[in-house]
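The values are calculated or read from the model by the stated rules, or taken from the named source; none is laboratory data. Note that the coordinates shown come from a computational prediction; the quantities given were computed from them, not determined experimentally. Every residue, glycine among them, receives a Cβ derived from its backbone with ideal geometry; neighbour counts consider all protein chains shown. Side chains included, ligands, DNA and RNA excluded: accessible areas come from the protein's heavy atoms. Shrake-Rupley method; radii C 1.70, N 1.55, O 1.52, S 1.80 Å.
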Amino acid sequence: MAGLELLSDQGYRLDGRKATELRKLQARMGVFGQADGSAYMEQGNTKALAVVYGPHEVRGSRSKSLHDRAVINCQYSMATFSTAERKRRPHGDRKSSEMSLHLKQTFEAAVLTQLYPRSQIDIYVKILQSDGGNYSACVNAATLALVDAGIPMRDYVCACTAGFVEDTPLADLCHAEESGGGTTLSLALLPRSESIALVQMDARLHQDHLPALMEAATVACKGLSKVLDDVVRQHLQEVSVQTRE
Amino acid sequence: MAVDMRLPARKQAFLPAIHSSSDGKHLVVPGDVITSDTGFMRGHGTYMDDEKLTASVAGEVERVNKLICVRPLKTRFNGEVGDVVVGRITEVQQKRWKVGTNSRLDSVLLLSSVNLPGGELRRRSAEDELTMRDYLQEGDLISAEVQSVFSDGALSLHTRSLKYGKLGQGVLVQVSPSLIKRQKTHFHNLTCGASIILGNNGYVWIYPTPGHQDEEAGGYYTSLEPVPLSDREIISRLRNCLLALAAHKVMLYDTSILYCYESSLTHQIKDILKPEIVDEIVMETHQRLLDQEG
């Protein structure tokens, strides 16, 4: 893209970060009383809200229920005011149903669904403000919401994006970098075992560069997992002190 | 019209000031290795990850001899035989009702495990099956006891006692199941003039104290008499008190509820929902409970 320099000669990006630096992360658990679990997540200017209901009896058609494990139902949506251009986003458009499917696949890899036969777990995520890395913000918020709901998981699922500009991998892309025409790789990782829950890449990349890009995304995910870990432990401490009799 | 408005404020925890840090508690998060010793047994909230006992939920580790469990802070209701529950009928099926009890699967109330009106013990005929909806229909609230737990974790309920059955006029409050203290009885006639059913599943039913029990109805008689204003005020106050206690994660049982009710008497009923007043009355309740423990 002409005129927009994604990485300066000094090694700084558009928003002043270094190549491997993440954006500021903030999160809170248990934001709603009504739901079984909920969380709010800010990754830079991307803001996501996740709510978990369940495990509960399968609603709607009973044929969906599985006799040996729980069904995970994800719904992704974006607020009308989430992007620069105000736009009505009807439910079930192609982009959001694809994202819902990706979220479902990610969490089927992490949640111990076989413990809850014939049940259903609902995960609803909403992007309140979009500035790149929507998928990763959703995954991270949903992870916190699942932990809040007390649903058993193998490990946290941490997701992060990475891009490739001028032979340098960039971690945690913002909207300007994502739309800059380069490659974007989204990675969802179970950080302790380093097993991949989902990886997705749009645009082309020379295969020699792939290991470097994957490495950058993995490191970013692990950095993110530390932040999530802190948030969960903090929450745990607060609540357990409160409930102590 | 007077309107009460407030700006969002970060909720401040006042209890940590009383108890300092959580001493001696072993808190874990999903993926934490609890032990790599193979001599332990795997309980709820854990899984084996190549020979290592790993936590799958965030919570507190509990050890009973060789068994290791992790109890999550917040979870759905896990029923046990003998638990008192309050539930809502979600479906009427052949010979059974499905009851929503905040559990991970809907519970089952068999036609053969209810006391039908008339009180006599008899075989359930095909006619009874056809009139099931007359006794309980979708949306009705009932109180019941857990009779057994099926292999998939669903609960089977029964109402074979006069104290269980359909609930008439009253108020339902839903709180977390972990806040209900297990006690010998979960039915209380509070001295303040209302009665309460503390379901183990976190559903609490507040209702005016019934005058007399109608034996003939077998627990399926519901009074539609208007409830006097004084009783309704007591019920509303109790409801707001329960919400206040639940917001501060105070265990719910007859004494704590009564103490909270008494502390709230200086305030108007609607004011009990305001955060600063909630803090005040819960603090007072807490102090009285501590004093009573000695």
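Suppose the filter is crowded, with 18+ Cβ neighbours inside 10 Å and part of a strand (DSSP E or B); does residue B:172 pass it? So residue B:172 fails the test.
All of (1) crowded, with 20+ Cβ neighbours inside 10 Å; (2) in a strand (DSSP E or B); (3) modelled with pLDDT under 95 hold for residue A:200 with one exception: (1). Per the listing A:27, A:50, A:19, the residue uniquely closer than 14 Å to residue A:149 by Cβ and modelled with pLDDT of 90 or more is A:50.
One residue stands out in the range A:172-190 among those that are aliphatic (A, V, I, L, M) and touching a Leu at 6+ places or on another chain (Cβ under 6 Å): the one that is most open to solvent (accessible area, probe 1.4 Å), namely A:176. For the range A:226-235, the condition of being open to solvent by less than 10 Å² (accessible area, probe 1.4 Å), away from chain B (no Cβ under 14 Å) and either outside any helix (DSSP H, G or I) or within 26 Å of residue A:13 (Cβ to Cβ) (or both) holds for none of the residues.
Conditions: (1) open to solvent by less than 10 Å² (accessible area, probe 1.4 Å); (2) in contact with a Pro (Cβ under 7 Å, 6 or more places away or on another chain); (3) among the polar types (S, T, N, Q). Residue B:102 meets all but one. Number of the miss? Residue B:102 satisfies every listed condition except (1). Would you confirm whether any residue within the range A:94-107 is surrounded by 20 or more Cβ atoms within 10 Å (Cβ to Cβ), within 14 Å of chain B (Cβ to nearest Cβ) and not in a loop (DSSP other than H, G, I, E, B)? Looking for residues that are surrounded by 20 or more Cβ atoms within 10 Å (Cβ to Cβ), within 14 Å of chain B (Cβ to nearest Cβ) and not in a loop (DSSP other than H, G, I, E, B), one finds at least one in the range A:94-107, hence yes.
Restricting attention to the range A:111-139, the residues that are more than 22 Å from residue B:153 (Cα to Cα) and within 14 Å of chain B (Cβ to nearest Cβ) total 0.
A single entry from A:55, A:117, A:90 fulfils the requirement of being open to solvent by less than 50 Å² (accessible area, probe 1.4 Å) and over 29 Å from residue A:231 (Cβ atoms): A:117.
Somewhere in the range A:125-140, is a residue of a type in the set (Ser, Thr, Tyr), outside any loop (DSSP other than H, G, I, E, B) and crowded, with 20+ Cβ neighbours inside 10 Å? Scanning the range A:125-140 turns up at least one residue that is of a type in the set (Ser, Thr, Tyr), outside any loop (DSSP other than H, G, I, E, B) and crowded, with 20+ Cβ neighbours inside 10 Å. Would you point out the residue of the range B:36-51, among those that are surrounded by 14 or more Cβ atoms within 10 Å (Cβ to Cβ) and at pLDDT 90 or above, that is farthest from the other protein chains (Cβ to nearest Cβ)? Ranking the qualifying residues of the range B:36-51, first place goes to B:40. A single entry from B:99, B:85, B:70, B:57 fulfils the requirement of being over 30 Å from residue A:231 (Cα atoms) and within 14 Å of chain A (Cβ to nearest Cβ): B:99.
Selection within the range B:63-81: residues that are within 23 Å of the chain's Cα centre (by Cα) and in a strand (DSSP E or B). The member of this set that is surrounded by the most Cβ atoms within 10 Å (Cβ to Cβ) is B:70.
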